[in-house]
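So the structure is just underneath, and the comments pick up after that.
Taken together, the values in this text are just the output of simple stated rules run on the coordinates, not laboratory data. Quick caveat, the model's predicted, so the values are computed rather than measured. With ideal geometry, Cβ positions are generated from the backbone for all residues, glycine too; neighbour counts draw on all protein chains shown.
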Amino acid sequence: MSAEPGTRILSFAAGGFPLFTPITAVERVVEELEVIRLPFAAHGLVGLLPHEDQTTPLYDLEAFAAGHRAALRDQDFALAAVMPTPVGRVAIRLDRLAGLFPAGDPLPGGEGAAAALPERLRPCIGGATHLEGLVAFYFASDLFAELVSVEG
């Protein structure tokens with residue numbers, strides 16, 4: 001995990017998976033409104049998420065992990081986390097936000113615990129920790145962005 005001591009982490013669920021990332025890796029959390037669909041979207045790509053004066057590719061981690069196209073949401077107040085990376089911004093569809101926490105100690109064998117996650121998602125996971133008594137996995141948005149840029 002690359003969260004430095006004293007860094008706060010954002011805990012969230014995405015695609016049904018308990019994840020966290022340093023708060024410094026999240027530019028903003030926005031509502032998932034008026035997503036621009038693409039006719040031939042890559043696996044997990046919902047479409048382009050407009051916010052401010054730009055659009056950001058919006059991914060659904062459950063669809064990505066399953067290797068199929070993501071569907072539009074049918075609910076109000078759906079949220080997405082916009083994360084800048086060296087290869088460009090990505091937005092991740094959130095199931096729920098759990099909150100901000102101090103960075104915890106890495107879970108011994110956390111990389112092995114990631115074996116419980118779908119294979120397509122594992123390259124984006126950098127270990128695990130305990131948050132509120134549950135195991136949560138470190139989501140590395142830069143690794144995810146690199147992975148989808150290679151696949152796309």
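Only residues that are touching a Lys or Arg at 6+ places or on another chain (Cβ under 9 Å), of a type outside the set (Ser, Thr, Tyr) and at negative phi: list them for segment 8-39, please. Don't jump to the end; show me each part of the working.
Going residue by residue through segment 8-39, those that are touching a Lys or Arg at 6+ places or on another chain (Cβ under 9 Å) are 12-15, 22-24, 27, 32, 35.
Narrowing the set further to residues that are of a type outside the set (Ser, Thr, Tyr) leaves 12-15, 22-23, 27, 32, 35.
Result: PHE12, ALA13, ALA14, PRO22, ILE23, GLU27, GLU32, VAL35.
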Failed item, numbered, when PRO118 is tested on (1) over 15 Å from ALA145 (Cβ atoms); (2) touching an Asp or Glu at 6+ places or on another chain (Cβ under 7 Å): (2)
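Just give me the residues in segment 58-85 being in contact (Cβ under 8 Å) with a residue 60 or more places away in the chain and within 20 Å of ILE23 (Cα to Cα), in sequence order. First the steps, then the outcome.
Here is the first cut: in segment 58-85, the ones in contact (Cβ under 8 Å) with a residue 60 or more places away in the chain are 59, 61, 64, 81, 83, 85.
Scanning segment 58-85 gives TYR59, LEU61, ALA81, MET83, THR85.
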Pairs with Cβ under 9 Å, 6+ apart, first in segment 21-45 and within 30 Å of ASP105 (Cβ to Cβ), second outside any loop (DSSP other than H, G, I, E, B) and among the acidic types (Asp, Glu): ALA25/ASP142
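Does at least one position in segment 142-151 carry a residue that is among the polar types (S, T, N, Q), in contact (Cβ under 8 Å) with a residue 24 or more places away in the chain and touching a strand residue (DSSP E or B) at 6+ places or on another chain (Cβ under 8 Å)?
Among the residues of segment 142-151, not one is among the polar types (S, T, N, Q), in contact (Cβ under 8 Å) with a residue 24 or more places away in the chain and touching a strand residue (DSSP E or B) at 6+ places or on another chain (Cβ under 8 Å), which makes the answer no.
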